[in-house]
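A short worksheet on the structure shown next.
The values are calculated or read from the model by the stated rules, or taken from the named source; none is laboratory data. Just so it is clear, the model here is predicted, and its values are computed rather than measured. As a convention, Cβ positions derive from the backbone with ideal geometry for all residues, glycine included, and neighbour counts pool all protein chains shown. The accessibility values were calculated without ligands, DNA or RNA, using every heavy atom of the protein model including side chains. Shrake-Rupley method; radii C 1.70, N 1.55, O 1.52, S 1.80 Å.
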Amino acid sequence: MRSPDHTRRVVVTGLGVVSPVGNDQETAWTSLVEGRSGLAELTRFDISKYEHKAGGEVRDFDASTWMDPKAVRRSEREMHYGVAAAKQAVADSGFEIDDANRTDVGVVFGSGAGGQQLMIDNFSTLVEKGPNRVQPTFIANALVDSTSGMIAIETGAIGHNIAMVSACSTGTHNVAEAAEVIRRGDCIAVISGSTEAPLLEVAHAGFTNMRGMGLPRPGEPIQTVSRPFDATRNGFVLGEGAGSLFLEDLELAKKRGAKIYAEVVGYGSAADGWDMIQPIEGGTGSARAMKMALERRGVPADQVDMINPHGTSTPVGDAREAEAVWAVFGDRAAGARRSLAISGTKSMTGHMMGAAGAFEAFATVMAVAEQTVPGTLNYRDADPACDLWVVDETVRMPVRYALSNNIGLGGHNGAVIFKRYDGD
């Protein structure tokens, strides 16, 4: 354990992803850049009784590639996705976890809800077959922190290990807090990220009855269901998957000659204290989180070139997030200025809930590394209530700093900022 140093610089050296748009870094990024939607008609359960039929499913994924087959049988998709993304990120970083360093490598990896399918399955077993048939291993595999524990088992990283939960901001908070763990001196490197598998019929029904789910444009393909900030938006769509960022001390990364994607330079977290579902009027909680992220290490607001927003495609949520962006960045946010690019990747993945922030951190880091802003699929009709430069087609442009923003149910707001690394 080292002494705290809040000036310590932290960088991203590895990336991993499992998502509706691809199950590895290259495929997922290419899909985002080329505007390939991962949304389609759901196949996980019978949707004939539902008007809302779309979802972002992970496809062509084999959990046994990433985990011991016995552990796979005892767990479920939420864990499988998280372990796969984490192991991808470690491999991508080139960092070798061994007996000499494993106590200095941590895991900060969360989930919004944990293994809900295991709970549902075992409750059904209890009702149908009696208490003696309930699996003795299901609880250990269904907890919100089960994935962070399994990542430690699978990678050998046995330093600081924690799973943070903040609903739809879970991924954002886990990635940003992981950087703070390194600055605090607890670890030299951290496997960060989040995972979620919310494509359950009970969740689909609940969100439908909440009147939060969206529908495609009339007469248009199902892929148009998610259209953040568009005037015709009418609700979100669920997605699933995981994202992981391997973070480490810049000086140590340089010594081993690691590839550096970006630097983590800002973090803000703030609560609404307002409502369990709707963000606060004016988006003031989200605005406070973004301001904190700018001020923590003095990021110039006029040098933030891109935001990957929460942007779920709900009428109220998107409007309040737009208000928050204006509160922080002023008229730079205006669509006509074309100064602050908005890249709404949920248009292609759907809302991955607890995994959203980690996947979107991956997308934001790649935008910085590649100096490329993915377009927002389905954006066509500008909404005066969301006066933003919503990039509708992928554009190459200078990206000095990029911010990833998320807003969670219960009023949990998180923002993290990444900076282009030029070898300084």
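For S111, the shell of other residues with beta-carbons less than 13 Å away shows a net charge of -4, using +1 for Lys and Arg and -1 for Asp and Glu. Electrostatic bookkeeping for G282 treats Lys and Arg as +1 and Asp and Glu as -1; over the other residues with beta carbon under 12 Å from its beta carbon, the sum is -2.
DSSP loop trypsin sites (Lys or Arg not before Pro) in region 42-141 with at most 13 other Cβ atoms within 10 Å of their Cβ, which ones? Intermediate results must be reported in sequence, preceding the final value.
Details: sites: R44, K49, K53, R59, K70, R73, R74, R77, K87, R102, K129, R133; in loops: R44, K49, K53, R59.
Answer in residue order: K49, R59.
Over the chain, with the other protein chains present, what is the accessible area per residue in square angstrom, probe 1.4 angstrom? Don't skip to the end; give the middle numbers.
On the way: 16070 Å² over 424 residues.
On a per-residue basis, 38 Å².
Rolling a 1.4 Å probe over the protein heavy atoms of region 21-132, with every protein chain left in place, gives an accessible area that is 46 percent carbon and sulfur. Distance between the C-alpha centres of region 15-62 and region 237-307: 24 Å, rounded to the whole angstrom. Distance from the C-alpha centroid of region 200-214 to that of region 354-405: 26 Å, rounded to the whole angstrom. Let me make sure I get this right: for region 370-417, a, b and c are the square roots of the gyration tensor eigenvalues over alpha carbons, sorted descending. Under 1.5 in a/c it's rounded, otherwise prolate if a/b > b/c, else oblate. Which is it? In terms of gyration-tensor shape, oblate.
In the chain, the DSSP beta bridges split such that about 65 percent are antiparallel, to the nearest 5. Would you give the gap between the C-alpha center of region 140-193 and the C-alpha center of region 68-122, rounded to a whole Å? Computed from Cα coordinates, the inter-centre distance equals 10 Å. Within the shell defined by Cβ-Cβ distances under 11 Å, the residues around A197 carry a net charge of -3, with Lys and Arg each +1 and Asp and Glu each -1. State whether region 102-214 is rounded, prolate or oblate according to the following rule on the C-alpha gyration tensor (a ≥ b ≥ c being the square roots of its eigenvalues): a/c under 1.5 gives rounded; otherwise a/b larger than b/c gives prolate, and the remaining case gives oblate. Note, shape of region 102-214 comes out oblate.
How about region 45-130: which GluC sites (Glu not before Pro) there are in a DSSP loop, with at most 14 other Cβ atoms within 10 Å of their Cβ? Don't skip to the end; give the middle numbers.
Details: sites: E51, E57, E76, E78, E96, E128; in loops: E51, E57, E76, E96.
Here the sparse-neighbourhood loop sites are E51, E96.
Considering only protein heavy atoms and a probe of 1.4 Å, how much of the accessible area of region 302-424 is carbon and sulfur, as a whole percent? So the carbon and sulfur contribution to the accessible surface is 49 percent.
Going through (i) 30, 29, 18; (ii) 36, 24, 22; (iii) 33, 24, 21, the figure that equals semi-axes √(5λ) of the Cα gyration tensor in Å as computed for the structure here is (i). Non-local lysine pairs in the chain, meaning eight or more places apart or on different chains, with alpha-carbon distances under 25 Å, amount to 14. From zero up to wherever the largest Cα-Cα distance of region 246-402 sits, split into 10 Å bins and tell me the percent of pairs in each. So the P(r) values, bin by bin, are 10, 39, 38, 11, 2, 0.
Shape verdict for region 25-104, please, from the Cα gyration tensor: rounded (a/c under 1.5), prolate (a/b greater than b/c) or oblate. Before the final figure, lay out the partial values.
Working: a/c = 3.58, a/b = 1.65, b/c = 2.17.
Oblate, because a/c is 1.5 or more while a/b does not exceed b/c.
Of the accessible area of region 184-271, with the probe set at 1.4 angstrom, what percent is carbon plus sulfur? Looking at region 184-271 in its full context, I get 56 percent from C and S.
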